[in-house]
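Structure first, then comments.
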Amino acid sequence: MARRITIIGLGLIGGSIGLALKKAGPEAVELVGYARRMETAERARQMGAIDRVEGSLPSAVGNADLVVLATPTMSIKEILPQIGPHLPDGCAVTDVASTKVDVMRWAEESLPQNVSFVGGHPMAGKELSGIEAADGDLFKGCTYCVVPGRNASEAAMAEVIDLAHRIGARHVLLDAAEHDWLVAGISHLPLILASALVMATTQSPQWSKMSALAATGYQSATRLASQHPRMNRDICFTNRSNIIAWIDEFARELERFRRLVAERDVSLEEAFEKARQARTAWIEEHGKKS
C-alpha cells in the first residue's frame, strides 16, 4: 500500500475516497489534498478526508507514491502536464473520470516515462456534488473499473487495485474503448434522458400543477439531472460518438413504443413484460435494489 497518497480534487468523489481510506484501517498512510479553492481543501481536512493540505500542484505531488486525479474530466487534461515534471520516480497516477479513451491518451502524452498511469472509474456516486456530500461508505460493494496504461508497471496496477479494494469496491479490468462504450449505455445515456425529461415536463404550461403530483417515479427517473453540469458536459464531450450511438438506439426503441401506443397494439403488454423481466433478471443477478 502506498505510504503517501495525494488526492487532487476534493469534491464528492475525491472527498469520499479520502474518508473511505481513513475508515479502512490503521495503516500509516498520509493523505495529502489539493483543491483549486483553499477553503474546499481546508474543509476536507476538517472532515478527516485528508491529513494535510498543499497549496500548489507541484508541492502536492512531490513525494507521493500514488496520485488520484478526482477533478472534472477536462481539468485532467490541464493538470497532467503541470504535475508531470514533479512526480517522483516510480509514482503511480490514476483518475476517477467517467470516460477513459481521452484521459489515457492525455496521460500518455503528458507524463514522463518514469511514472505509471492506470485509469480508474468507480461506478458509484450521488446526484449531489462537493465536499459536503462526501461519504466514506460511497464505494461499498460498487464496481471499480481499472484500465491499464500502455506502460503501467505491475506495481502501479497493484496500487490502484488495492485502492479500489480498500475503499470497499471490487475491481474489473477493461480497456479504454470498451469501458467508454459500456458506460455510455448504462450511465451516460441515463443522464441525458433524465435531463431531457426534466426539460420536457418543467417547460410545460401545466408544470405548476404537475409538480404537485410528481412523486417517487418522477424523482427516480430524473435523479441524474441533479448532477454537476460541468461534469456532465465533460462526459459528453469526451464520449461523444458512443453517447450519440446510444441515443440513436434509444430513439429507435422509443419510436417502437410510440407506435405500439398509437396503434393500441396488444403487443404493448408483451413489450412491458419483456422490459420487466430484463430488469428483474439484472437486479437478481447483481444484487441491486429494486
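Within the set of other residues whose C-beta is less than 13 Å from the C-beta of A158, count the net charge using Lys and Arg as +1 and Asp and Glu as -1. So the environment of A158 carries a net charge of -3. Taking amide H as placed 1.01 Å from N in the peptide plane, I50 has its amide H under 5 Å from the amide H of R45, each at least 5 places away in sequence or on another chain. Binning the C-alpha pair distances of the range 63-135 at 5 Å intervals from 0 yields a P(r) profile of 3, 16, 27, 24, 15, 10, 5, 1 %, listed from the shortest bin outward. Treating only the Cα positions of the range 116-221 as identical point scatterers, give the base-10 log of I(q)/I(0) from the Debye formula at each q in 0.17, 0.20, 0.22, 0.24 Å⁻¹. Taking Cα atoms of the range 116-221 as identical point scatterers yields -0.92, -1.09, -1.19, -1.27.
Given in Å, the Rg to one decimal and the Dmax to the nearest whole number for the Cα atoms of the range 4-174 are 14.2, 38.
Compactness check for the chain: Cα Rg over 2.2 N^0.38 Å is 1.10. Here the chain is assigned +1 on the Cβ of each Lys and Arg and -1 on the Cβ of each Asp and Glu. Its dipole about the Cα centre then comes out at about 760 debye. Across the range 106-158, Cα pairs under 8 Å and at least six residues apart give a relative contact order of 50 percent.
Compared with the direct C-alpha span, the chain from E109 to Q206 gains 29.7 nm at full extension, assuming 0.36 nm per residue. Around Q227, under 12 Å between beta carbons, what's the net of Lys plus Arg minus Asp minus Glu among the other residues? Overall, the nearby charge balance is +2. Cut-off 20 Å, label point 7 angstrom out along Cα-to-Cβ of F237: give me the residues of the range 67-101 whose amide nitrogen falls inside. Residues 69-83, 95-101 fall inside that zone. Over 21 Å between Cα atoms: which of K126/K289; K100/K274; K100/K288; K140/K289 fall into that group? With Cα atoms farther than 21 Å apart: K100/K274; K100/K288. Think of each Lys and Arg Cβ as +1 and each Asp and Glu Cβ as -1; about the Cα centre, that makes the dipole of the range 4-174 roughly 280 debye. Working note: 222 nm ellipticity from helices only, DSSP H runs with n ≥ 4, each -39,500 (n - 2.57), summed and divided by the residues of the chain, gives -16000 deg cm²/dmol to the nearest 500. For the range 178-286, the Cα gyration tensor yields ellipsoid semi-axes of 24, 22, 15 Å (square root of five times each eigenvalue, largest first, whole Å). Each Lys or Arg adds one and each Asp or Glu subtracts one; over the other residues with Cβ under 14 Å from the Cβ of V101, this totals -3.
Coordinate-derived values only; no laboratory data. Predicted model, so just to flag it, every value in this text is computed and none were measured. All Cβ positions, glycine included, derive from the backbone under ideal geometry; neighbour counts span all protein chains shown.
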